Amino acid sequence: MKKNNKISVVIPCYYNQDNIPVTINELKLNEAIFPEEVQFEYILVDDGSRDNTWQELKKVKSQYPDQITIVKLAGNVGSYTAILAGLAEGEGDCYTVLAADLQDPPELILKMYSHWKNGTKLIMANREDREDPLGQRLFSNTYHFLMRKLAIKDIPKGGFDFVFFDKQLKEEVVKMQEKNTNTLYLLPWMGYEYVTIPYVRKKREIGESRWTNAKKIKLFIDSFVSFSYFPLRLISVAGIGLGFCSIFFGFIVIFAKLFHFNWIHVDGWSTLMTVTLFIGSFQMIGLGIIGEYVWRGLDASRNRPNFIVAEKQ
């Protein structure tokens, strides 16, 4: 381990004009608990905000010109792509990703750094609990539970957004340039051994979250399509199950006709319509799932950039 180590802190920003001064002040105070060997750089990425986020970023840049890099993206591409843009700008020996609203405690970075210095390349702060509203907690817990069960089994319970990792992992993530994915989940996907640090995610104190239901649904779909073939396997299993059901139903109809079972009433028209509608809906759902995979393959084949940098300081 070399004498001086630089930690690159990547912070995606979206409508965070009121958070930025407070967040930078907290991060600067947090530097005092680190040994002298540690240097910090902060990379703040404006993810297409339409408020005064960029103006606030320029203010903190003028205060700490040697430590802070600010990046303005041309449009809103989502927090995970904004994280990728920030990682591409980093020059540190190790990296961490932090929310601009300070829901994740910066003081945990010291413990993460200690694990990294001892040779661990990936440290994840897993959420034991969170002080968010009930609906947000329910979505988050369900999302991470399903990801753990059906996609990436080697992730901590409760999920994570606060993570610390080595430069080698950062370079691999940037090199992948994956689209429509959860950038942070690429880290455990690589297979490196990791350490977890449990914590309680704080309630947001400043501003309102822009994490809409539409964005949550997109993340949910993107994550499963990126990391799991389970939806496709589910179509196959359901198709086989429907096949057996149709055979079973066919035998019932035949026996009812042959032996004149009065206790089985078969109305040909209503039965036909029910089965047709049921199978038709299953086919449409199956085509929709396959379409999600096909679309992402097409999007990747175009080789368009994940983000456009409009300005950098």
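Taking the convex hull of the Cα atoms, report for segment 52-102 its projected area averaged over all directions, in nm².
4.2 nm²
Please name whichever of 63, 184, 197 sits farthest to the positive end of the charge dipole of the chain, dipole taken about the Cα centre and charges placed at Cβ: Lys and Arg +1, Asp and Glu -1.
184
For a quick size check, give me the Cα extents of segment 114-171 along its three principal axes, largest first, whole Å.
37, 26, 18 Å, listed from the longest principal axis down.
Within the accessible area of the chain, what % is carbon and sulfur when the probe is 1.4 Å and the other protein chains stay in place?
C and S fraction of accessible area: 58 percent.
On each of the three principal axes of the Cα atoms of the chain, give max minus min coordinate, whole Å, ordered largest first.
90, 41, 38
Over 10 Å intervals from 0, what percent of Cα-Cα pairs in segment 1-69 sits in each interval?
19, 51, 22, 7, 0
How big is the antiparallel share of DSSP beta bridges in the chain, given as a percent to the nearest 5?
Close to 30 percent.
Segment 76-197: D in µm²/s via Stokes-Einstein (Kirkwood Rh, Cα pairs, 25 °C, 0.890 mPa s)?
163 µm²/s
When all protein chains stay in place, what accessible area (Å², nearest 10, 1.4 Å probe) is found for residue 114?
Near enough 50 Å² of accessible area.
For the Cα atoms of the chain, what angle does the longest principal axis make with the long axis of helix 134-150, in degrees from 0 to 90, nearest 10?
70 degrees
Kirkwood Rh over Cα pairs of segment 153-240 into Stokes-Einstein at 20 °C, 1.002 mPa s: D in µm²/s?
136 µm²/s
Enter the accessible area of residue 287 (Å², nearest 10), with the probe set to 1.4 Å and all protein chains included.
The accessible area of residue 287 comes to roughly 110 Å².
Among all stretches of the chain without exposed GluC sites (Glu not before Pro) (DSSP loop, at most 14 other Cβ atoms within 10 Å), which one is longest?
209-313
What are the semi-axes of the equivalent ellipsoid for segment 1-149, taken as the square roots of 5 times the Cα gyration tensor eigenvalues, largest first, in whole Å?
For segment 1-149, the semi-axes come out at 24, 22, 14 Å.
Given Cβ point charges of +1 (Lys, Arg) and -1 (Asp, Glu) and nothing else, what value in debye, to the nearest 20, does the dipole of the chain about its Cα centre take?
700 debye
The values are calculated or read from the model by the stated rules, or taken from the named source; none is laboratory data. A quick note: this is a predicted structure, and the numbers were derived from the prediction, not measured. Ideal geometry is used to build each Cβ from the backbone, glycine not excepted, and the neighbour counts take in all protein chains shown. Heavy atoms of the whole protein, side chains included, go into the accessibility calculation; ligands, DNA and RNA do not. Shrake-Rupley method; radii C 1.70, N 1.55, O 1.52, S 1.80 Å.
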